[in-house]
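Trainee: Quick one: the structure is below, questions incoming.
Every read-out reported here was derived from the displayed coordinates using simple, explicitly stated rules and does not represent laboratory data. Owing to the predicted nature of the structure, the values given are computational and were not obtained by experimental measurement. Neighbour counts are summed over all protein chains in view; Cβ atoms, including those assigned to glycine, are modelled from backbone coordinates with ideal geometry.
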Ligand SMILES: [Zn+2]
Ligand SMILES: [Zn+2]
């Protein structure tokens, strides 16, 4: 991060300062925090009083393509960028972790709007796979806006009852067609 705020953040550039173990750990932590932040910010953006000002632009498509990953209102971009500032003030983050985080976020966002599924059949009911967000899940979010708010993981949706009741069946149907 450049500019006058940089001295107040905990961004560092020498990996040896905390080691590679911390480098990997902090990347996982950043993704977990972003996932929680995204879920609740996304749910808030679907509130009837806020929705049309911020998030409606992204929902113009009910069957999205990767282009939808970048189709959002400028205010939504501010909401998303906010997490970088929050994290950088909270704990030490290597500049490379920020780059990797932006890369993972972009790739996962593209995958979510792909329009077809890359994960294998059985994933949605697998003991581990059931916690991972999928393209089928986000496609459902564009069809039925009041479910499937998650980004990387599905635990917030599962814990708070916002996972679409037909998600697991829809995943099986989609993956059995494409195989
Ligand atoms: Zn949405
Ligand atoms: Zn979307």
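Trainee: What distance in nm lies between label points placed 7 Å from Cα along the C-beta direction at residue 104 and residue 91?
Mentor: The two pseudo-label positions are separated by 1.3 nm.
Trainee: I'd like the orientation of helix 19-45 relative to the chain: the angle between its Cα long axis and the longest Cα principal axis, in ° from 0 to 90, rounded to 10.
Mentor: In the chain, helix 19-45 runs at an angle near 50 degrees to the longest axis.
Trainee: Could I ask something else about it? For the chain, what is the mean residue ellipticity at 222 nm derived from helices alone (per DSSP H run of n ≥ 4: -39500 (n - 2.57); sum divided by total residues; nearest 500 deg cm²/dmol)?
Mentor: On the way: 7 runs with 95 residues, N = 179.
One gets -17000 deg cm²/dmol as the mean residue ellipticity at 222 nm.
Trainee: Taking the Cα of residue 63, stepping 7 Å toward and past its beta carbon, and measuring to each backbone N in the stretch 96-120: which are under 20 Å?
Mentor: Within reach of a label on residue 63: 110-119.
Trainee: Can you tell me the 0 to 90 degree angle between the C-alpha axis of helix 167-178 and the longest principal axis of the chain, rounded to 10?
Mentor: Around 80 degrees separate the two axes.
Trainee: When the Cα centres of the stretch 43-69 and the stretch 151-179 are compared, how far apart do they sit, in Å?
Mentor: Cα centroid of the stretch 43-69 versus Cα centroid of the stretch 151-179: 19 Å apart.
Trainee: Here is a follow-up. Measure off 7 Å from each Cα along the Cα-to-Cβ vector at residue 70 and residue 8, then give the distance between these two points in nanometres to one decimal.
Mentor: So the label points at residue 70 and residue 8 sit 3.2 nm apart.
Trainee: Based on other C-beta atoms within 10 Å, arrange 26, 137, 13 from fewest to most. If you can, show how the numbers build up before the last one.
Mentor: Numbers: 26 19, 137 24, 13 8.
So the residues, fewest neighbours to most, are 13, 26, 137.
Trainee: May I pose another question? Please work out whether the stretch 116-179 counts as rounded, prolate or oblate from its C-alpha gyration tensor, where a ≥ b ≥ c are the square roots of the eigenvalues and a/c under 1.5 means rounded, while otherwise a/b larger than b/c means prolate and anything else oblate? Don't skip to the answer; put the middle values down first.
Mentor: Details: a/c = 1.87, a/b = 1.32, b/c = 1.41.
Note, shape of the stretch 116-179 comes out oblate.
Trainee: If you take all C-alpha pairs in the stretch 71-179, what percent of them are over 21 Å apart? Walk me through the intermediate numbers first.
Mentor: Details: 2522 of 5886 pairs.
When every Cα pair of the stretch 71-179 is considered, 43 percent fall beyond 21 Å.
Trainee: Determine the gain in length on full extension of the stretch residue 52-residue 168; use 0.36 nm per residue of separation and subtract their C-alpha separation, reporting nm with one decimal. Before the final figure, lay out each step's value.
Mentor: Details: separation 116, 0.36 × 116 = 41.76 nm, distance 2.96 nm.
Going from the current span to full extension adds 38.8 nm.
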